[in-house]
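Novice: Below you'll find the structure I mean.
The values are calculated or read from the model by the stated rules, or taken from the named source; none is laboratory data. Owing to the predicted nature of the structure, the values given are computational and were not obtained by experimental measurement. Positions of Cβ are backbone-derived with ideal geometry, glycine not excepted, and every protein chain shown enters the neighbour counts.
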Number of protein chains: 2
Amino acid sequence: MVDPVAEELLRLRMSIDNMDAALVHLLAERFKITQQVGELKAAHGLPPAYPLREAQQIERLRALAEEARLDPEFAEKFLNFVVAEVVRHHEAARSQNTSRDSKAYLSHQNGANEKPSRP
Amino acid sequence: MVDPVAEELLRLRMSIDNMDAALVHLLAERFKITQQVGELKAAHGLPPAYPLREAQQIERLRALAEEARLDPEFAEKFLNFVVAEVVRHHEAARSQNTSRDSKAYLSHQNGANEKPSRP
């Protein structure tokens, strides 16, 4: 005999698993784009963080969360969680670039307008 | 004159913003489902955490992350981050139920594995 509670739990868990797969794929794509942002900034000597941009992102996500009935505090925590990982990636990429090619890095820093070389 | 670097940065940021909106909406939907799971478990006196289910979720997400070229460590941290929020919701819902019905609460407490078993 089928337990209706177990059946309902299984149905809900399958939906959670589908969403988690979608979340992981979206996050993978988001990191690909922030990697491009990091490379662009490094190539043009732009600062890694823009407090104004970050404040706008937080405001926007909190508003979207409210519309979607998600706790805006959680949305902000989530963005901070993801951004912390992005910063970690950028720092790792920067220290690799510095050791690989400190001359190119310095010329970028001085304002050289070169195309970013993407791996 | 348009600065091509600023233009490229804007283009990339618009994609990040689109993905963040999608992430927030998916997370909102995921919490709606975990809320149903929490209610179902509470209604039937089931324990709030299943270590085996959680281990399977981690394994699955790590494999999906590798396929998507996302750091599996990050995927695991992400799941833990979301699950911590789910546990917080369930605990809040439970304490609300307690004030309504302390007898039901005590029966959960006696068989419940309160802490998620993951670090």
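Novice: Of the residues that sit in the stretch B:31-57 and are polar (S, T, N, Q) and surrounded by fewer than 17 Cβ atoms within 10 Å (Cβ to Cβ), which one is farthest from A:Arg53 (Cα to Cα)?
Specialist: B:Gln56
Novice: Would you check if there is a residue in the stretch A:19-30 being surrounded by 14 or more Cβ atoms within 10 Å (Cβ to Cβ) and over 19 Å from B:Met19 (Cα atoms)?
Specialist: no
Novice: Okay, next question. Inside the stretch A:46-70, can you point out the residues that are outside any helix (DSSP H, G or I) and facing another protein chain (nearest Cβ under 8 Å)? Reasoning before the result, please.
Specialist: Looking only at the stretch A:46-70, we keep the residues that are outside any helix (DSSP H, G or I), and these are A:46-50, A:68-70.
Once the filter is applied, which keeps residues that are outside any helix (DSSP H, G or I) and facing another protein chain (nearest Cβ under 8 Å), the stretch A:46-70 yields A:Leu46, A:Ala68, A:Arg69, A:Leu70.
Novice: Being at pLDDT 70 or above and exposed (fewer than 14 other Cβ atoms within 10 Å of the Cβ): is that true of A:Ser99 here?
Specialist: no
Novice: Here's a follow-up. Restricting the first residue to the stretch A:69-93 and requiring it to be of a type in the set (Phe, Trp, Tyr), which pairs with a second residue that is part of a helix (DSSP H, G or I) meet a Cβ separation below 6 Å and a spacing of at least six or different chains?
Specialist: A:Phe74/B:Glu85; A:Phe81/B:Phe81
Novice: Could you tell me which residue of the stretch A:59-94 is surrounded by the most Cβ atoms within 10 Å (Cβ to Cβ), considering only residues that are among the β-branched types (Val, Ile, Thr) and touching a helix residue (DSSP H, G or I) at 6+ places or on another chain (Cβ under 8 Å)?
Specialist: Ranking the qualifying residues of the stretch A:59-94, first place goes to A:Val82.
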